[in-house]
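See below for the structure under consideration.
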Amino acid sequence: MSDIIPTEFFTSPGPSPHANAAELRSRCPVHRIDVPPGAQAYAVLSNKVVEEALGDSRLSKQVENLPAEFRDKAVDNSLLVVGNLGFADPPRHTRLKEPIRRAFLPGTVARLASRIDDIVNDLIDAFPESGEIDLLSAFALPLPLTVICEYLGIPVEDRPLFQEWSYVLSQGPCTDGELKAASEEFSDYFTKLVAERRTDLRDDLLSAIIRARDEGVYSEQELLSTLLLLIIAGHKTVANMIGNGTALLLRHPEQLDMLRADPALIPPAIEEILRYEGSAAWASLRIAGEDMQLGGVDIPKGSFVHLSLSSAGHDPATYDDPETFDVTRSPNRHLSFGHGAHFCIGAPLARLQGQIAFSTLLRRLPQLALAVPPEEIAWLSDSSLSRGLEALPLRVGERLPR
């Protein structure tokens, strides 16, 4: 293993960070990394070792297992990392997951298809007559935010608040004070809404979570943290998938033509988008719960272990010709939704939104095109976890009826 590698060497924003990761991965599947500063930390880059690590119970996701100097700051500054299933180990993880698991089963999610179709078409109908849009602000961000807020049962008039909260609390560029303020505003809002809804329980996800709290399954802190996780996970990652995927298709017109000619290819195309340029560059927090080895490298207890989903998706040991974007790729078993106990509970809803979004955009906007050269598309640099665009300027052209 080489000297400590700066994170920017293979996570710097740009059209493709994959070449840098490939060079490191060819030398060793695991490298020392300088994030967070002052910590013992490792990056796992190969698909095989990332998959093994995702299912390894020796790697803890609980904030309580962080070294003290990092734990205190994390607990103080963010509601997100305290009290939800994304930052819990079994059996606590199992307890937190059970009340919401049924809401995200494929059969349950499929009943939302008609409503998602309406939201997608309404957003396309609202595109300006000028024929030029930013797909992220006009479509990719409001679609999943509307879907998850409706699914939770959040009042329509309150939904604009959630885009800003989601941005700040999911590692947007902000100060510790701004992060803490957004966490407190979110907490205050839901404390009031939960109190009101307790007297008016409905057939929605928010009411199901309130019932779990009142039955003693959740604490009040766990209730709030679970709500925040659902909004962030159900919003930003889906928006990135739509933005990244649209940019990929427009940069690969032969693949786009294949989808227009055969819409049945859209489901496998989404899997290829997730493999090639997934919404999450890195898996969430892992801490070595004991001295261990990964990929033949010694990992001391208490070390941060960063799992590169982006690098794993481009590993030639797993995928034939991984740098080729191929919407017909099969098999295509990627790790973009994780693996094992922490496999993304919202994957069926994300996939459904992607299928409806892409099929409708391609059908109704046959002249859709980039409004800037591909090299001018800017990638976000505000998060070590996400992989998404700052904006995606498009020319809409002809807009067909629903």
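The values are calculated or read from the model by the stated rules, or taken from the named source; none is laboratory data. This one's a predicted model, so the numbers in the text were calculated from it and none came from an experiment. Note: ideal-geometry Cβ built from the backbone for every residue, glycine included; neighbour counts use all protein chains shown.
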What pairs can you find where one residue is in the range 161-187 and under 15 Å from residue 385 (Cβ atoms), the other is modelled with pLDDT under 75 and among the charged types (D, E, K, R), and their Cβ atoms are less than 8 Å apart, with a gap of 6+ or different chains? 171/382; 172/382; 173/382
Members of the range 316-359 found to be of a type in the set (A, V, I, L, M), more than 27 Å from residue 85 (Cβ to Cβ) and surrounded by fewer than 20 Cβ atoms within 10 Å (Cβ to Cβ), listed by number: 317
Looking at residue 53, is it in a helix (DSSP H, G or I), touching a strand residue (DSSP E or B) at 6+ places or on another chain (Cβ under 9 Å) and either more than 17 Å from residue 302 (Cβ to Cβ) or modelled with pLDDT of 95 or more (or both)? yes
Only one residue in 336, 284, 310 is within 17 Å of the chain's Cα centre (by Cα), in a helix (DSSP H, G or I) and within 30 Å of residue 38 (Cα to Cα). Which one? 310
Give the residue that is nearest to residue 399 (Cα to Cα), with candidates limited to residues of the range 106-138 that are assigned to a loop (DSSP other than H, G, I, E, B) and at pLDDT 95 or above. 127
Consider residue 375 against the criteria (1) surrounded by fewer than 14 Cβ atoms within 10 Å (Cβ to Cβ); (2) at pLDDT 95 or above; (3) among the charged types (D, E, K, R): it satisfies all of them except one. Which criterion is unmet? (2)
Could you please find all residues in the range 106-121 being among the charged types (D, E, K, R) and touching a residue at least 60 places away in the same chain (Cβ under 8 Å)? 117
Report yes if some residue within the range 233-247 is under 30 Å from residue 46 (Cα atoms), without any contact (Cβ under 8 Å) to a residue 60 or more places away in the chain and charged (D, E, K, R); otherwise report no. no
So which of 291, 298, 321 ends up being of a type in the set (Asp, Glu), at positive phi and more than 23 Å from the chain's Cα centre (by Cα)? 321
What pairs come out if I take residues in the range 294-319 that are closer than 24 Å to residue 71 by Cα and without any contact (Cβ under 8 Å) to a residue 12 or more places away in the chain and pair them with residues that are in a strand (DSSP E or B) and of a type outside the set (Val, Ile, Thr) whose C-beta lies under 9 Å away, six or more apart or interchain? 298/292
List, please: which pairs have Cβ atoms under 9 Å, are six or more places apart or on different chains, and start with a residue in the range 256-269 that is closer than 19 Å to residue 244 by Cβ and modelled with pLDDT of 95 or more and end with one that is among the aromatic types (Phe, Trp, Tyr) and not in a helix (DSSP H, G or I)? none
Subset of the range 20-38, residues assigned to a helix (DSSP H, G or I) and modelled with pLDDT under 85, comes to 20
Restricting to the range 344-383, give me the number of residues that are assigned to a loop (DSSP other than H, G, I, E, B) and either among the hydroxyl-bearing types (Ser, Thr, Tyr) or in contact with a Leu (Cβ under 8 Å, 6 or more places away or on another chain) (or both). 11
